[in-house]
1. So which residues in segment 28-61 are modelled with pLDDT under 85 and either of a type in the set (Gly, Ala, Ser) or within 17 Å of Cys474 (Cα to Cα) (or both)?
2. Would you call Ala438 open to solvent by less than 80 Å² (accessible area, probe 1.4 Å) and touching a helix residue (DSSP H, G or I) at 6+ places or on another chain (Cβ under 7 Å)?
3. Kindly list, by first and then second residue, each pair from a residue in segment 163-190 that is under 17 Å from Val148 (Cα atoms) to a residue that is open to solvent by 10 Å² or more (accessible area, probe 1.4 Å) and acidic (Asp, Glu), limited to pairs with Cβ atoms under 7 Å and residues at least 6 apart or on different chains.
4. Looking at the structure I just gave you, is Gly142 closer than 25 Å to Leu176 by Cβ, crowded, with 19+ Cβ neighbours inside 10 Å and either of a type in the set (Asp, Glu) or touching a Gly at 6+ places or on another chain (Cβ under 6 Å) (or both)?
5. Search segment 260-278 for residues that are on the phi < 0 side of the Ramachandran plot and open to solvent by less than 40 Å² (accessible area, probe 1.4 Å) and pair each with any residue that is among the β-branched types (Val, Ile, Thr) and assigned to a helix (DSSP H, G or I) when their beta-carbon atoms are under 6 Å apart and the residues are at least 6 apart or on different chains.
6. Checking Thr439 against (1) hydroxyl-bearing (Ser, Thr, Tyr); (2) in contact with a Leu (Cβ under 7 Å, 6 or more places away or on another chain); (3) without any contact (Cβ under 8 Å) to a residue 24 or more places away in the chain, only one condition comes out false. Which one?
7. Looking for whichever is in contact with a Gly (Cβ under 9 Å, 6 or more places away or on another chain) and part of a helix (DSSP H, G or I) here; the options are Asp170, Asp188. Which one fits?
8. Quickly run through segment 367-401 and pick out the residues that are closer than 27 Å to Asn437 by Cα, part of a loop (DSSP other than H, G, I, E, B) and either touching a helix residue (DSSP H, G or I) at 6+ places or on another chain (Cβ under 7 Å) or open to solvent by 50 Å² or more (accessible area, probe 1.4 Å) (or both).
Amino acid sequence: IKIGGHFSFLAQTHDNRAPLSFIHPSHPKAKSNPETMSTLLALLPLIAPLCLLIPLLENPIAVVQGWINQLMTHSNKNDLPEIPPVGSQLLAYMAVAVAGFLATDKLVPHIKQYTLRRGISGKDLGKRGTSIADKEVPEGLGIASGTVFLICLIFCLVGYATSHPTKLLDVNSALLSICFMLFLGFTDDVLDWPWRYKLFLPSVASLPLLCCYNGSTSIVVPIPLRAWIMQDNEVTPIIGRLLSILITIDPQANGALVDLGLFYLLYMGLLAVFCTNAINIYAGINGLECGQSYVIACAVLVHNLIEIHSNANQNERENHLLSVMIMLSFIGVSLGLLRHNWYPASVFVGDTFCYFAGMTFAVVGILGHFSKTLLLFLIPQVFNFLWSSPQLFKLVPCPRHRLPTYDPKLGKMVPSCFECKAEEHKVLKLLTFQDMNATQLSNMTVINLCLQIFGPMGEKELCTLLLVIQGLSCGLGLFTRYYIAKFFFDE
């Protein structure tokens, strides 16, 4: 039965040529759609979190009925609200995340018209030499996802803070820090702040988090290093005594526990600065900023859910539940934005998204009390920073844009280069296996390094490769946290 040129669902289920298909195979829309494959690949990082999340969820109908009954029977306003089960809280956070995805997906096309009208746009430098090189692309669309994220977070926090009043200070500080970085990122897209402000202001944004941090500032020393600090409950004469001047060594733990005090707070402040800028310098091709943040968020969510499954300590479960609440909304808005930022990008996320995403990771790492584990999910970002350091600190010439360039002859991306003299930078030439008399060297980013190792490739394929590396790195981080760590730390 044909309806408007298409076969109906019922007719197609009995058609051996196209089972369960709405569209006849000869129809143009029935041809292979790369967008469908990209969508399926984008959902891969969500498989592991969903496998851990679904067993924790409760029956949605029973949860809604429980909420209604609680509202109808709650008469005494002075009574402390009953903390809902974890399953019902997670169900509510998932619903808000889905709403955030849909809102972001619908809002971005509207907001980009306003940014174009105000001249907040730019040309895609990765398309130079193509027919769309001069096309103006709306910039700073991270403001759309960031605004939706804040709205989602406020709705989540209303319920969370009501049932967890002791966490009210934490959630307010999280909102303040993220909102500050969202504002800084958007003003940077409009005003183009100098780098000195980009390094200083994230540390200011982290102050609300550090002021309300009430967790431990102690760290567990790896087993092989404990003998260097204490032996037979006595501080070692050289290393132990030197360390005891700066930090507090627990005499009862025999070198297993040291209290870093203010140094630990300094580390968390630097972590916020690193997270916000690490995503910003590991960028430049369509989909990479948003994609890497999405993959990292899925890894953080897996870690939180594992801890909720296995941890009997109520306070630690609440810390990880707070992180899950934030990450679910973040994943929702990031996926909504990624649909428009994926190759070929119709919008640029800008520094707005990079800063607010980085601060979001710092917030969950600090308030969830897993700031050290968080670094295990940022291995590509750490390596990119270390590899880029000679250019960032002006030891090697650093052009304004270090993203790969498009080669019209190959139709692919190739590493971008900077000029140098034949006798300069011999060590760098040796490390990158280049001619010792070369007068051009590739810019020092992981993106260019991948092109040097794997050869020229299309922008979409390059971004996919980098996201696969990000996913494998996050998997390595989880393996390190839950398996390798057993050999260096006590159970």
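1. Ala30, Ser32, Ser38, Leu41, Ala42
2. Numbers: open to solvent by less than 80 Å² (accessible area, probe 1.4 Å): yes; touching a helix residue (DSSP H, G or I) at 6+ places or on another chain (Cβ under 7 Å): yes.
Yes; evaluated as a whole, the condition is true for this residue.
3. Final answer for the pair search is Gly185/Asp351.
4. Values: closer than 25 Å to Leu176 by Cβ: yes; crowded, with 19+ Cβ neighbours inside 10 Å: yes; either of a type in the set (Asp, Glu) or touching a Gly at 6+ places or on another chain (Cβ under 6 Å) (or both): yes.
Yes.
5. Listed pairs, sorted by first residue: Met268/Ile366.
6. (2)
7. Values: Asp170 fails: in contact with a Gly (Cβ under 9 Å, 6 or more places away or on another chain).
Asp188 is the lone residue from the list that is in contact with a Gly (Cβ under 9 Å, 6 or more places away or on another chain) and part of a helix (DSSP H, G or I).
8. Answer for segment 367-401, where residues must be closer than 27 Å to Asn437 by Cα, part of a loop (DSSP other than H, G, I, E, B) and either touching a helix residue (DSSP H, G or I) at 6+ places or on another chain (Cβ under 7 Å) or open to solvent by 50 Å² or more (accessible area, probe 1.4 Å) (or both): Phe393, Lys394, Leu395, Val396, Pro397, Cys398, Arg400, His401.
The values are calculated or read from the model by the stated rules, or taken from the named source; none is laboratory data. Keep in mind it's a predicted model, so treat the numbers as computed, not measured. Note that each Cβ is placed from the backbone with ideal geometry, even for glycine, and that neighbours are counted across all protein chains shown. Accessible surface areas use protein heavy atoms only, side chains included; no ligands, DNA or RNA. Shrake-Rupley method; radii C 1.70, N 1.55, O 1.52, S 1.80 Å.
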